[in-house]
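A.B. asks: Questions regarding the structure given below will be posed in turn.
Read the figures in this text as sums done on the coordinates, not as results from a lab. This one's a predicted model, so the numbers in the text were calculated from it and none came from an experiment. For neighbour counting, all protein chains shown are included, and Cβ atoms are generated from backbone atoms with ideal geometry for every residue, glycine included.
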Amino acid sequence: MTSPIKIDIWSDIACPWCYIGKRHLEAGIAALGDDAPEVEIEYHSFELSPDTPLDFEGSTTEYLSKAKGLPLERVEQMLEHVTGVASQAGLEYHFESVAHTKTLKGHELLHLAKANGKQLEMKERLLKAYFTEGGRVNRIDELVGWAEELGIDGADAREALESGRYADDVQADIAQARAYGIQGVPFFVFEGRYGVSGAQPAEVFSQVLQQVDGEREGTAA
Amino acid sequence: MSPESRGLPTTEAAPAPFTMIEGASDELACEGDACLIPGFGSVDPAR
């Protein structure tokens, strides 16, 4: 019996392409149907914009316009573009309600969820909260609520987040990405052998999985 | 799971041990703050 193909993914929460890439990977696996190899997915933390304020009290458009020195209208056009790409992937982005914030606490919650065997569900929950629901992924009260939604003990989640129990694990993930030279996310590593950068089309993920699976069969033969 | 236990090197063992698969476009990834404006990684704000 072969073990699952390991897929390590470096990703942020405040990362529109990361959510789209998640869907494309899922679609790439699903497209293989009964031939799809078993996979084991593990998410790793990455902070795209460490200088993001903890609580920016304006719209995404205003923040980006100010941060990048671009006219509001131009930022709006670009956000409309990615909203359209997301929609094609079956995702609903509402940039008008996105709450810009640092994501480190959210990443700590992802590590707690991993310890509880629920990392994939939590990744999905936090991305949806951020891009669709206007959730604040830095606020402990909201994070605890999402933990409880997934059946994780709320008191334990609160203690973990308040004490920074997983802060070192988050930084270790970020350091690992730096050591690999990863500058952009999402970044996928298949079985420790093949790297894929970006939310590539589902077919790319299907092909990589088939290649890795084929190589394993060749080795086993 | 630690990097060692899944066959990946630790942070001391750069460079990356994997082969990059070339995909369709670099625009599909976020890089630094530029990611916050998707697909606009190379913009020069001064222009």
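A.B. asks: Under 24 Å from the Cα of A:Lys68, which lysines turn up, not counting those fewer than eight places away in the same chain?
C.D. replies: A:Lys102
A.B. asks: Note down the nm distance, to one decimal, between modelled labels 7 Å out along Cα→Cβ at A:His81 and at A:Glu203.
C.D. replies: Using points 7 Å along Cα→Cβ, the separation is 2.3 nm.
A.B. asks: Compute the Cα gyration tensor for segment A:157-221, then decide on rounded, prolate or oblate, letting a ≥ b ≥ c be the square roots of its eigenvalues: rounded whenever a/c is under 1.5, prolate when a/b is larger than b/c in the other cases, and oblate in all that remain.
C.D. replies: Verdict is prolate for segment A:157-221.
A.B. asks: Nothing charged except the Cβ atoms of Lys and Arg (+1) and of Asp and Glu (-1): what's the magnitude of the dipole of segment A:5-196 about its Cα centre? Round to the nearest 20 debye.
C.D. replies: 480 debye
A.B. asks: Using the Cα gyration tensor of chain A, with a ≥ b ≥ c the square roots of its eigenvalues, what is the shape: rounded (a/c below 1.5), prolate (a/b larger than b/c) or oblate (neither)? Intermediate values should be presented prior to the final figure.
C.D. replies: Details: a/c = 1.89, a/b = 1.33, b/c = 1.42.
Oblate is the answer for chain A, as a/c is 1.5 or above yet b/c matches or exceeds a/b.
A.B. asks: Which aspartates and glutamates does A:Lys66 reach when only Cα atoms under 17 Å apart count, and residues fewer than 8 places away in its own chain are ignored?
C.D. replies: A:Asp51, A:Asp55, A:Glu57, A:Glu76, A:Glu96, B:Asp33, B:Asp44
A.B. asks: How would A:Thr219, A:Thr2, A:Thr101 line up from fewest to most surrounding beta-carbon atoms within 10 angstrom? If you can, show how the numbers build up before the last one.
C.D. replies: Details: A:Thr219 8, A:Thr2 11, A:Thr101 21.
The order, fewest Cβ neighbours first, is A:Thr219, A:Thr2, A:Thr101.
A.B. asks: Under a cut-off of 16 Å between alpha-carbon atoms, report the lysines in cross-link reach of A:Lys114, not counting same-chain residues fewer than 8 places apart.
C.D. replies: A:Lys6, A:Lys105, A:Lys123
A.B. asks: Could you list A:Ser197, A:Ser3 so that the one with the fewest beta carbons within 10 Å of its beta carbon is first and the one with the most is last?
C.D. replies: Starting with the residue having the fewest Cβ neighbours, the order is A:Ser3, A:Ser197.
A.B. asks: Another question about this same structure. Where in segment A:128-163 is the amide nitrogen less than 12 Å from a point lying 7 Å along the Cα-to-Cβ axis of A:Ser97?
C.D. replies: A:129-136
A.B. asks: Dipole size in debye (nearest 20) for segment A:60-139 around its Cα centre, Lys and Arg Cβ +1, Asp and Glu Cβ -1?
C.D. replies: That gives a dipole near 500 debye.
A.B. asks: By how many degrees, 0 to 90 and rounded to 10, does the Cα axis of helix A:16-31 deviate from the longest principal axis of chain A?
C.D. replies: 30 degrees
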